[in-house]
């Protein structure tokens with residue numbers, strides 16, 4: 001059986017988050033991956049080939065006490081919005 005799956009590769013060249021430990025950085029990355037995957041599934045009709053890259057995002061400030069998971073989900077949602085806007 002053949003499935004019609006789209007594979008999206010997200011390459012983040014550099015991400016600087018001040019005040020985040022190495023362990024939190026890994027948790028944030030995993031949360032970003034999960035959230036981006038979840039969002040991608042909701043946009044099954046999106047033509048990913050027509051989405052251009054997001055070259056740079058302006059600095060963001062997160063609420064004090066935001067967890068690594070919350071920051072990761074927020075960043076994934078912002079990247080996803082930028083990619084949808086760039087089509």
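The values are calculated or read from the model by the stated rules, or taken from the named source; none is laboratory data. Computed from a prediction, not measured in an experiment: that's the story for all the values here. All Cβ positions, glycine included, derive from the backbone under ideal geometry; neighbour counts span all protein chains shown.
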Filter region 29-56 for residues that are surrounded by 12 or more Cβ atoms within 10 Å (Cβ to Cβ) and in a loop (DSSP other than H, G, I, E, B); the one that is modelled with the lowest pLDDT is 51
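Condition test on residue 12, is it at pLDDT 75 or above, surrounded by 13 or more Cβ atoms within 10 Å (Cβ to Cβ), out of contact with any strand residue (DSSP E or B) (no Cβ under 8 Å at 6 or more places or on another chain) and at negative phi? Don't jump to the end; show me each part of the working.
Working: at pLDDT 75 or above: yes; surrounded by 13 or more Cβ atoms within 10 Å (Cβ to Cβ): no; out of contact with any strand residue (DSSP E or B) (no Cβ under 8 Å at 6 or more places or on another chain): yes; at negative phi: yes.
Criteria not met by residue 12.
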